[in-house]
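Visitor: Below you will find the structure I want to go over with you.
The values are calculated or read from the model by the stated rules, or taken from the named source; none is laboratory data. Quantities reported herein were computed from a predicted structural model and do not represent experimental measurements. Here the Cβ is made from the backbone with ideal geometry for all residues, glycine too, and neighbour counts use every protein chain on show.
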């Protein structure tokens with residue numbers, strides 16, 4: 001069996017590596033940046049099944065996937081839905097999941113109307129593309145409307161009411177073709193300048209009610225789209241419950257801890273689901289785990305070389321500002337040990353980001 005992955009970045013490479021021990025599955029990666037219609041058609045014909053490392057796939061490529069939709073996992077419905085934040089919000093609502101109030105914005109007048117309807121502050125986002133804080137603008141006064149539109153307007157946007165949250169979390173699951181679902185424990189995620197800096201397992205002091213709510217939400221969402229593969233739901237933790245923020249129809253940065261930290265990683269279960277094989281256990285292998293992103297500069301990872309409970313993953317990328325160059329996983333026998341280790345690695349983050 002040959003599984004083709006659209007995208008050959010770090011996620012595609014980690015997907016391939018996750019099943020390197022399985023002799024009956026071959027993985028081929030397609031470079032989206034070197035796309036041509038002819039190379040894509042050759043690629044499609046050469047593989048038995050197709051998946052993708054990113055939802056940000058150009059429309060021209062998506063249209064060509066129509067002809068092979070029966071071997072694409074996750075399916076076209078999921079891909080098209082989660083490529084567009086407006087469609088995504090509507091899908092979440094249709095699945096019975098709480099989201100922020102939102103409004104479509106296609107003009108400056110629409111934006112001014114959204115300010116009146118949603119109140120302030122609001123977050124304005126492009127409906128397509130945009131990640132790690134890109135394609136977003138926070139409006140705190142009515143006077144921000146024109147500069148916001150000038151910055152990211154003249155295209156379809158979505159305005160979202162601000163959610164007063166205490167922290168950001170995520171829940172990740174894999175679903176197979178028969179509807180069986182496995183869910184990893186929730187993580188607490190800390191961002192800086194719109195980029196995830198670290199994720200912690202376990203997320204501290206999550207009530208049983210919120211754990212159940214997160215698991216029910218991702219089950220409802222996956223079932224509603226007959227989803228196959230790994231799915232990520234980012235959630236705001238609020239005083240009144242969890243509110244869905246965004247969805248990633250793929251493996252996610254906040255789940256990288258699962259490579260060393262869980263019995264089965266998010267990458268392996270994605271590939272097993274696509275291949276039609278049984279899913280593995282998502283239980284944690286350690287009482288406490290953390291994932292720290294390596295941003296802009298890999299030099300600080302030298303601090304990890306003498307630590308036996310730290311695993312360094314380099315993506316082999318050229319360094320540049322705000323670019324994810326790799327990640328570091330910390331495994332520990334307690335949250336105290338985990339946090340003490342992170343303190344030793346605090347040079348990976350801007351001052352003040354690690355505050356435990």
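Visitor: Output the strands (runs of 3 or more DSSP E) that fall wholly within the range 24-121 and possess 1 or more residues being in contact with a helix residue (DSSP H, G or I) (Cβ under 7 Å, 6 or more places away or on another chain) and under 28 Å from residue 158 (Cα atoms), or say none.
Guide: Those strands (runs of 3 or more DSSP E) span 49-52, 102-105.
Visitor: Also: Can we say residue 177 is assigned to a loop (DSSP other than H, G, I, E, B) and in the same structural domain as residue 112 (by TED's automatic domain parsing)?
Guide: Taking the combined requirement at face value, the residue does not satisfy it.
Visitor: Shifting gears a bit: Scan the range 277-310 residue by residue and report those that are over 16 Å from residue 198 (Cα atoms) and in a strand (DSSP E or B).
Guide: The one that is over 16 Å from residue 198 (Cα atoms) and in a strand (DSSP E or B): 284.
Visitor: Among the residues that make up the range 33-46, is at least one of them in contact (Cβ under 8 Å) with a residue 12 or more places away in the chain and closer than 26 Å to residue 265 by Cα?
Guide: Scanning the range 33-46 turns up no residue that is in contact (Cβ under 8 Å) with a residue 12 or more places away in the chain and closer than 26 Å to residue 265 by Cα.
Visitor: Of these, 219, 268, which one is farther than 23 Å from residue 76 by Cβ, in contact (Cβ under 8 Å) with a residue 12 or more places away in the chain and not in a strand (DSSP E or B)?
Guide: Selected residue: 268, the only one of 219, 268 that is farther than 23 Å from residue 76 by Cβ, in contact (Cβ under 8 Å) with a residue 12 or more places away in the chain and not in a strand (DSSP E or B).
Visitor: Listed residues 129, 88; which is outside the structural domain of residue 223 (by TED's automatic domain parsing), over 28 Å from residue 209 (Cβ atoms) and under 21 Å from the mean Cα position of the chain (by Cα)?
Guide: The unique qualifying residue is 129.
Visitor: Looking at 138, 190, 163, which is the one that is part of a strand (DSSP E or B) and touching a residue at least 60 places away in the same chain (Cβ under 8 Å)?
Guide: From the options 138, 190, 163, the qualifying one is 190.
Visitor: Assess whether residue 273 counts as being in a helix (DSSP H, G or I), surrounded by 23 or more Cβ atoms within 10 Å (Cβ to Cβ) and touching a residue at least 12 places away in the same chain (Cβ under 8 Å).
Guide: Taking the combined requirement at face value, the residue satisfies it.
Visitor: If you don't mind, another one. Conditions first: (1) surrounded by fewer than 18 Cβ atoms within 10 Å (Cβ to Cβ); (2) more than 24 Å from residue 136 (Cβ to Cβ). Residue 238 passes all but one, so which condition is the exception?
Guide: (2)
Visitor: Would you point out the residue of the range 260-270, among those that are surrounded by 21 or more Cβ atoms within 10 Å (Cβ to Cβ) and touching a helix residue (DSSP H, G or I) at 6+ places or on another chain (Cβ under 8 Å), that is nearest to residue 163 (Cα to Cα)?
Guide: Result: 266.
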